[in-house]
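S.K.: Take this structure, written in structure tokens, and hold onto it; I'll ask about it next.
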Amino acid sequence: MRDFEYEAPTTLSAAMELAAKHNGAARFMAGGTDLIDQVRVGRLSPDVIIDVKKIAELKALQHDASGLRLGAAVPCCEIYGHCGIVSDYSALADSCRIIGGVQIQSRGSVGGNLCNSGPAADSTPSLIVLGAVAVIAGPKGTRTVPVEDFCTGPGKNVLQPGEILVELKFPARVANSGSHYRRFIPRNEMDIAVVGIGASVVLNDAKDRFISARIALGAVAATPLFAKAASDGLTGQPVNDESIAAAAAAARAIATPIDDMRGTKEFRLHVTGVLVERVLKAAIARAKGEHVDCNVGH
Amino acid sequence: MAKKRVVTTTLNGSQTEFLCEPRQTLLEVLRDTLDLTGTKEGCSNGNCGACTVLVDGRPVNSCLVLAVEAEGASVQTIEGVATGEGLDPIQKAFLEGAALQCGICTPGFIMSSKALLAQNPKPTEDEIRFYLAGNLCRCTGYDKIVRAVQDASQQWQDQYMKSCHEKGCH
């Protein structure tokens, strides 16, 4: 592997000073599961790797009545191992259980998954449907960006030189709500999504009508997509097969997948529709308080 | 060239110091500096799991960990699995069940299985298959590996119950 320096600052300000000092030649590392491989194959050539795992803000995991704060470097295994996240932010736990194998989940973080900005990232649709906001610190201060606006292209995002993703902030779960993430892959596990769909719903007290919904699509465009029209179209609608099918059709309409080794465009469009329906139904079941067995690989 | 660093870890239970460059992975240092060649290099990109070791009890791909990150951590490799009293039940089960052919993936499978049984002593077949998904084997077809983990789980429970009985825990 190419030669580089390694720094492991313990404060956010020290991390940003290091990044400024190296002026574009430094890369932040959380779990390293993408970065180390990218350096090894020569796709990235940093002079310095700044390990952010010793910075308290990036390792924070705080769940209370005001919502969830998830430090950008918290690994997947801590996320699906957290009862509050499993119950209140189920889609996020669903995603984290299927990113890589357990070895990757021990290290890889949701913040890193977002910053890597792959179109097929499994956690990004879940962040979008759960209303997560990215908190970004930089030389000019701190700013927030809704996750649906974070990625700008394959491997590209809104981070400016010297900026660092600190945490993801989620609103508190509301009553009668539920969420789910599911992907299609030809294997049972350890694969990149051909299509990945996240959905969250809020139902009325009778649980027969949508108060609101959010649907997000992965691997069917240059970035993960928030399906706004499909989501908004469910507001006030009865919970039935017709409204769910209409949302699936609206979600399909914004997908612009490519043909590649994992699937053709036509297949991905079809699977988008099928998965939106299934994922919405699972999110609805969870909103109704049903236990949804999300055994991965089934 | 970046300056070498001194890293102190607990390696297979003993405090160990080593010198490494920042660009060296934990896998390289284990094999090339510390001569612990039981940990294998497969794909070197996090897909195959041949290089699996436990860091603070969690399975990781040592090809995707920088050796400098092991500072202060507890690292367990395949060399630390057998005790003075003999092989670990998982190792025995792999041997007795012939759960290997070429053997390159075996240390990684055993480390992942250790982590699985530590966390879930009675896994179902499904849970075993899913937990071991990050370890690839191109010889066995996996069935014998899964059965070996099931056998080890049973032995482990029998042994645990026996030791509890002897100690009067129950």
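S.K.: Residues of the stretch A:26-58 being in a helix (DSSP H, G or I) and either at the interface with chain B (Cβ under 9 Å from one of its Cβ atoms) or more than 13 Å from residue A:9 (Cβ to Cβ) (or both), which ones? Show your work before the answer.
M.R.: Looking only at the stretch A:26-58, we keep the residues that are in a helix (DSSP H, G or I), and these are A:35-40, A:56-58.
Selection gives A:35, A:36, A:37, A:38, A:39, A:40.
S.K.: I've got another one for you. So, restricting to strands (runs of 3 or more DSSP E) that lie completely within the stretch B:18-87, which ones have at least 2 residues that are within 12 Å of chain A (Cβ to nearest Cβ) and buried (at least 24 other Cβ atoms within 10 Å of the Cβ)? Working first, answer last.
M.R.: Values: elements: B:52-55, B:58-61, B:74-76.
Per the criteria, B:52-55, B:58-61.
S.K.: If I filter the stretch B:134-152 down to residues being surrounded by 22 or more Cβ atoms within 10 Å (Cβ to Cβ) and outside any loop (DSSP other than H, G, I, E, B), which single residue comes out as nearest to the other protein chains (Cβ to nearest Cβ)? I'd like the intermediate steps shown before the answer.
M.R.: The initial filter retains those residues of the stretch B:134-152 that are surrounded by 22 or more Cβ atoms within 10 Å (Cβ to Cβ), namely B:134-135, B:137, B:145, B:148-149, B:152.
Filter again for outside any loop (DSSP other than H, G, I, E, B), leaving B:134, B:145, B:148-149, B:152.
On the way: B:134: 2, B:145: 14, B:148: 18, B:149: 14, B:152: 17 Å.
Filtering the stretch B:134-152 for residues that are surrounded by 22 or more Cβ atoms within 10 Å (Cβ to Cβ) and outside any loop (DSSP other than H, G, I, E, B), the one nearest to the other protein chains (Cβ to nearest Cβ) comes out as B:134.
S.K.: Name every residue in the stretch A:74-98 that is aliphatic (A, V, I, L, M) and either part of a helix (DSSP H, G or I) or touching a residue at least 40 places away in the same chain (Cβ under 8 Å) (or both), in order of residue number.
M.R.: Within the stretch A:74-98, the first condition is being aliphatic (A, V, I, L, M), and the residues that meet it are A:74, A:79, A:85-86, A:91-93, A:98.
Listed by number, the residues that qualify are A:79, A:85, A:86, A:91, A:92, A:93, A:98.
S.K.: Further, regarding this structure: Considering only the stretch A:99-118, I want to know if a residue exists there that is over 10 Å from the mean Cα position of the chain (by Cα), over 10 Å from residue A:224 (Cα atoms), β-branched (Val, Ile, Thr) and not in a helix (DSSP H, G or I).
M.R.: yes
S.K.: Sort out which residues of the stretch A:9-25 are touching a Gly at 6+ places or on another chain (Cβ under 9 Å) and assigned to a helix (DSSP H, G or I), and write them in order of number. Steps first, answer last, please.
M.R.: First pass over the stretch A:9-25, keeping only residues touching a Gly at 6+ places or on another chain (Cβ under 9 Å): A:16, A:19-20, A:23-24.
Across the stretch A:9-25, the qualifying residues are A:16, A:19, A:20.
S.K.: Hey, does the stretch B:128-136 have a residue that's under 25 Å from residue A:98 (Cβ atoms), small (Gly, Ala, Ser) and outside the structural domain of residue B:52 (by TED's automatic domain parsing)? Give the steps one after another, and end with the answer.
M.R.: Quick first cut of the stretch B:128-136, residues under 25 Å from residue A:98 (Cβ atoms) only: B:128-136.
Narrowing further to those that are small (Gly, Ala, Ser): B:133-134.
Now drop any that are not outside the structural domain of residue B:52 (by TED's automatic domain parsing), which leaves B:133-134.
Looking for residues that are under 25 Å from residue A:98 (Cβ atoms), small (Gly, Ala, Ser) and outside the structural domain of residue B:52 (by TED's automatic domain parsing), one finds at least one in the stretch B:128-136, hence yes.
S.K.: Out of the stretch A:60-106, which residues are within 14 Å of another protein chain (Cβ to nearest Cβ) and polar (S, T, N, Q)?
M.R.: A:103, A:105, A:106, listed by residue number.
S.K.: Do we find that residue A:203 is of a type in the set (A, V, I, L, M, F, W, C), in contact with a Phe, Trp or Tyr (Cβ under 8 Å, 6 or more places away or on another chain), crowded, with 17+ Cβ neighbours inside 10 Å and in contact (Cβ under 8 Å) with a residue 60 or more places away in the chain in this structure?
M.R.: Working: of a type in the set (A, V, I, L, M, F, W, C): yes; in contact with a Phe, Trp or Tyr (Cβ under 8 Å, 6 or more places away or on another chain): yes; crowded, with 17+ Cβ neighbours inside 10 Å: yes; in contact (Cβ under 8 Å) with a residue 60 or more places away in the chain: yes.
In short, yes.
S.K.: May I pose another question? Residues in the stretch B:118-133 that are in a loop (DSSP other than H, G, I, E, B) and either within 9 Å of chain A (Cβ to nearest Cβ) or buried (at least 17 other Cβ atoms within 10 Å of the Cβ) (or both): how many? Show your work before the answer.
M.R.: Step one: filter the stretch B:118-133 for residues in a loop (DSSP other than H, G, I, E, B), giving B:120-124.
Filter once more, keeping what is either within 9 Å of chain A (Cβ to nearest Cβ) or buried (at least 17 other Cβ atoms within 10 Å of the Cβ) (or both): B:123.
Residues meeting the conditions: 1.
S.K.: Okay, moving on. Of the numbered conditions (1) in the same structural domain as residue B:9 (by TED's automatic domain parsing); (2) without any contact (Cβ under 8 Å) to a residue 60 or more places away in the chain; (3) within 16 Å of the chain's Cα centre (by Cα), residue B:59 satisfies every one except a single condition; which is it?
M.R.: Against the list (1) in the same structural domain as residue B:9 (by TED's automatic domain parsing); (2) without any contact (Cβ under 8 Å) to a residue 60 or more places away in the chain; (3) within 16 Å of the chain's Cα centre (by Cα), residue B:59 comes up short only on (2).
The values are calculated or read from the model by the stated rules, or taken from the named source; none is laboratory data. Keep in mind that this is a model prediction, so the values were computed, not measured. Heads up, the Cβs are rebuilt from the backbone with ideal geometry, glycines too, and the neighbour counts pull from every protein chain shown.
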